[in-house]
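One structure below.
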Amino acid sequence: MKFFALGKNINLREVMISDAEFILTLRTDPKKSQYLSDTPNDVDKQIKFIKNYFDNSTDYYFIITDKANNALGTVRIYDIKDDSFCWGSWIIADNAPQNSAIESALLIYDFGFFALHYSKVHFDVRKANVKVVNFHKRLGATIVREDEINFYFEYDKEKYMIAREKYHRFLPKG
């Protein structure tokens with residue numbers, strides 16, 4: 001098991017084949033999946049997706065865990081372009097502690113900006129997912145374009161550093 005980011009209350013560890021059922025449970029939950037791309041309710045296809053991930057050297061697929069390694073959600077880095085990374089597949093389980101969303105977002109930004117050394121991030125959010133759109137705006141991300149379904153955001157390391165200072169209480173000390 002490989003941990004990539006150790007947070008204050010949660011960690012990001014690399015996905016494992018044994019996570020397939022947990023991921024499928026999240027991705028096929030009607031409430032949680034309404035803003036995600038469709039996922040067939042087929043554990044074998046999920047296992048195949050994870051195996052394909054292991055063959056891709058530029059992607060990172062994480063399980064968000066508590067400190068006891070209980071799975072709380074998922075998040076991915078993918079679609080690397082020059083000096084920018086994309087993150088998504090961000091799903092938090094209903095039983096996750098209240099601050100898991102903000103802490104996992106900060107950890108993914110820290111990983112992309114500090115461990116991978118990218119200077120920007122790009123991502124899209126469904127327009128109807130108002131709560132998540134507002135979350136990203138509060139952190140300082142900018143909508144750079146839109147289509148009928150999505151807002152397309154960009155965010156750079158300098159803006160993140162301002163948000164990171166504001167939300168530092170959600171990160172480990174040191």
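The values are calculated or read from the model by the stated rules, or taken from the named source; none is laboratory data. As the structure is a prediction and not an experimental result, all values here were calculated from the model. Every residue, glycine as well, gets a Cβ built from its backbone with ideal geometry; the counts of neighbours run over all protein chains shown.
Evaluated against (1) in contact with a strand residue (DSSP E or B) (Cβ under 8 Å, 6 or more places away or on another chain); (2) closer than 18 Å to Asp19 by Cα; (3) assigned to a helix (DSSP H, G or I); (4) not aliphatic (A, V, I, L, M), Lys45 falls short on exactly one condition, (1).
Only residues that are in contact (Cβ under 8 Å) with a residue 40 or more places away in the chain and under 15 Å from Ala105 (Cβ atoms) were counted across the stretch 123-154, and they come to 3. When Val125, Val121 are screened for being within 16 Å of Ile92 (Cβ to Cβ) and part of a strand (DSSP E or B), only Val125 passes. Only residues that are under 18 Å from Thr25 (Cβ atoms), of a type in the set (S, T, N, Q), surrounded by fewer than 16 Cβ atoms within 10 Å (Cβ to Cβ) and at pLDDT below 95 were counted in the stretch 37-73, giving 3. The set of residues in the stretch 100-122 that are surrounded by fewer than 16 Cβ atoms within 10 Å (Cβ to Cβ) and touching a residue at least 24 places away in the same chain (Cβ under 8 Å) comprises Ala115, Leu116, Ser119.
Of everything in the stretch 74-89 that's modelled with pLDDT of 95 or more and among the hydrophobic types (A, V, I, L, M, F, W, C), which residue is surrounded by the most Cβ atoms within 10 Å (Cβ to Cβ)? Ranking the candidates gives Phe85 first.
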